[in-house]
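A short write-up of the structure that comes next.
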Amino acid sequence: MAKQKDTATKKKLGDLLTEVGIISKEQLGNALQDQKAKGIKLGESLISLGYITEDVLLAFLGKQCGVPYISLSEYGEISPDVIRSVPENVVRHQTLIPISKEGKILTIAMNDPLNVFATDDLRLMTGCEINPVIASEAEIKNAIEKYYSVKGSMDDIVKEMSTSEEDANLEVVKEDEESDDLSALAAAGEEAPIIRICNLLLSGAIRAKASDIHVEPYEKKLRVRYRIDGVLHEVNAPPKKLQNAIISRFKIMSSLNIAERRVPQDGRIKIKIMDREIDLRVSICPTAFGEKIVMRILDSSNLCLDLNKLGFEPETLAIFNKCIEAPYGIILVTGPTGSGKSTTLYSALSTLNFPDKNINTIEDPVEYVLAGINQVQVKPDIGFTFSAGLRSFLRQDPDIIMVGEIRDTETAEIAVNAALTGHLVLSTLHTNDAPGSVTRMLNMGVEPFLITSTVIMVVAQRLARVICKDCKEPYEISSEYLESIGVGKEMFDGKKKVNLYRGKGCDKCSNTGYKGRLACYEVMEMNDTIRKLILQSKPTLEIRKAAKKTGMITLRDAAVKKMLVGATTVEEVLRLTVEDEE
């Protein structure tokens, strides 16, 4: 009976949405089928199918229930006194958060304002009248993590420690000295204030959507920086005297040797925050004034596996899709560290991932887990390298193989042999552009005729910062300036003034003017002209010219196109790409 009542309620919501014209009857029918198949709420189905946005749905529900809808991201700071009025266990269990208090009226942001049990409990607990408002579940969870996860700022925690007797034991050990008391070092890493400081650094980076955390020791200070959208930003750091305790804490979390400070160490941390699991790849390297820690944040919830959303131009995407459907050959993705090569490869594998395909990957490390794909982690310390793993894969009856990186001659030769024997091989190289990959493979000792027989496509990429949509503003720039940086006249129809965009800077983008990144791609498909030049051992410049003549869009052209449509700025184009040589 309860189930029938619930279904009726959902159908009523659908009927209401169709009556006001927010969705069509056909869309409602599709959503009801999707809801039944996945066992989810009708609203979730409508959002996942793209028929309605969460903001529109919540505003509509709020209007129907007589409850106002608010956006917590635009609400501003919530007073600590208001936060203290409701315990953490309650807000997490009920998915709600107090946002304001006036006299005896407490305003609570909830995803389900009709949850009378929660409002009744809060009324008894706080002695206040409860004024519910409706808000996004994701924004409520983000706010809970912001206000409840780490109590106090860095300054508050350090101030609290300065009054503690335990603080006297937290002294920096010089790099050329050995620590006699390892148990004391381990104990320092387990102290509550140190744990809170480390948690603050981690949660702050995740909230800022950083890709890396750098903890860097200098002679008289400790510096902490977050890499956000590819650029490092300095943040509030703990005092120098806590250096060893913080490093020990991160070593303990990474299951590393806290006594070893002379050689680099690599580890991993898995944490749960905002109801999602996040992996951190940890690298510790000794420097002149202590050990530097760099943590790469691997958040699978931010992984985009849709090739249409990565930033491909339509013509380059058509070439990319055609080449990854090839039955055999080598596809190379090139670019510097942090340019999104792994995301492109994962997206390609996701596109090819069908039950009739046996897909094996060997990676260092396995960054994201993909269902239906056999992923293997290299272990160089026991001799399990890329080449050893790739050799083993050939006995596993694979259809598609992904190699994290072709680093040496042996790996390159095995990849070539795999392609020659009917396998599709995807891998990465560190080169500046697509034509440069040919020179790199030649330097590794791969014969020119083997390159022309196996390589079917090379992709070079960079990540350009996207202009923040909340502070985006237009401005005019002279066509002469654009021509001086290599923008062809045909790209702006010969106009003397061209309209471009930039970010003014706001709270949403931390006053940088940018929020998020988009890839720029240079896709070089092998053809007879390019193969002939490779066999003749022609230089990279000639291969590049030939590729451009046969339709290759260069990195500079791809970045310029994104600039002209208002996705990025002139500064990003100049930062990421070099002018094409004629």
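Here are some notes:
- Cross-chain or 6+ apart pairs with Cβ under 9 Å, segment 303-317 first and more than 27 Å from R276 (Cβ to Cβ), then open to solvent by 60 Å² or more (accessible area, probe 1.4 Å) and of a type in the set (K, R): E313/K561
- When each of G267, G311 is tested for being part of a strand (DSSP E or B) and open to solvent by less than 20 Å² (accessible area, probe 1.4 Å), the lone residue that passes is G267.
- Residues that are of a type in the set (S, T, N, Q) and free of Cβ contacts under 8 Å to residues at least 12 places away in the same chain, drawn from segment 255-302: N257
- Which listed residue is under 28 Å from L305 (Cα atoms), surrounded by fewer than 13 Cβ atoms within 10 Å (Cβ to Cβ) and under 31 Å from the mean Cα position of the chain (by Cα), from V523, V565: V565
- Applying the condition of being in contact with an Asp or Glu (Cβ under 6 Å, 6 or more places away or on another chain) and part of a loop (DSSP other than H, G, I, E, B) to segment 354-411 and asking which residue is most open to solvent (accessible area, probe 1.4 Å) yields K357.
- Considering segment 62-83, the residues that are outside any loop (DSSP other than H, G, I, E, B) and β-branched (V, I, T) include one that is nearest to K146 (Cα to Cα), namely I83.
- When K104 is tested against (1) free of Cβ contacts under 8 Å to residues at least 24 places away in the same chain; (2) open to solvent by 70 Å² or more (accessible area, probe 1.4 Å); (3) in contact with a Cys (Cβ under 9 Å, 6 or more places away or on another chain), only condition (1) is not met.
- Residues within segment 282-291 that are buried (at least 18 other Cβ atoms within 10 Å of the Cβ) and part of a strand (DSSP E or B), tallied: 4
- Within segment 463-475, the set of residues being open to solvent by less than 10 Å² (accessible area, probe 1.4 Å) and touching a Leu at 6+ places or on another chain (Cβ under 8 Å) comprises A464 only.
- Within segment 40-69, the set of residues being open to solvent by 60 Å² or more (accessible area, probe 1.4 Å) and in contact with a strand residue (DSSP E or B) (Cβ under 6 Å, 6 or more places away or on another chain) comprises P68, Y69.
- Consider segment 80-98 and keep the residues that are free of Cβ contacts under 8 Å to residues at least 40 places away in the same chain and open to solvent by less than 50 Å² (accessible area, probe 1.4 Å). The one that is nearest to N131 (Cα to Cα) is P98.
- Qualifying residue in segment 476-499 (condition: open to solvent by 30 Å² or more (accessible area, probe 1.4 Å), within 30 Å of the chain's Cα centre (by Cα) and not β-branched (V, I, T)): no
- Residues of segment 332-346 classified as open to solvent by less than 10 Å² (accessible area, probe 1.4 Å) and more than 16 Å from G436 (Cβ to Cβ), total: 3
- Matching residues, segment 108-117, being surrounded by 18 or more Cβ atoms within 10 Å (Cβ to Cβ) and β-branched (V, I, T): I108
- Restricting the first member to segment 523-534 and to residues that are of a type in the set (D, E), and the second to residues that are part of a helix (DSSP H, G or I), the beta-carbon pairs closer than 6 Å and six or more apart or on different chains are E525/I319.
- Scanning segment 41-96 for residues that are of a type in the set (D, E), touching a helix residue (DSSP H, G or I) at 6+ places or on another chain (Cβ under 6 Å) and more than 14 Å from N142 (Cα to Cα) yields a total of 1.
- Among (1) at pLDDT below 80; (2) more than 28 Å from the chain's Cα centre (by Cα); (3) more than 24 Å from E145 (Cβ to Cβ) - the single one K38 does not satisfy: (2)
- For segment 549-561, the criterion of being farther than 30 Å from P448 by Cβ, crowded, with 22+ Cβ neighbours inside 10 Å and more than 23 Å from the chain's Cα centre (by Cα) is satisfied by at least one residue.
For every residue, the table says whether it meets (1) under 25 Å from V578 (Cα atoms); (2) open to solvent by 10 Å² or more (accessible area, probe 1.4 Å).
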{"residue": "E413", "(1), (2)": "no, yes"}
{"residue": "L426", "(1), (2)": "no, no"}
{"residue": "L429", "(1), (2)": "yes, no"}
{"residue": "V438", "(1), (2)": "yes, no"}
{"residue": "I451", "(1), (2)": "no, no"}
{"residue": "V458", "(1), (2)": "yes, no"}
{"residue": "Q461", "(1), (2)": "yes, no"}
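- Qualifying residue in segment 371-384 (condition: within 18 Å of the chain's Cα centre (by Cα) and modelled with pLDDT under 90): no
The values are calculated or read from the model by the stated rules, or taken from the named source; none is laboratory data. Nothing here was measured: the structure is a model prediction, and the numbers come from that model. Using ideal geometry, Cβ is built from the backbone for each residue, glycine included, and neighbour counts are taken over all protein chains shown. The accessibility values were calculated without ligands, DNA or RNA, using every heavy atom of the protein model including side chains. Shrake-Rupley method; radii C 1.70, N 1.55, O 1.52, S 1.80 Å.
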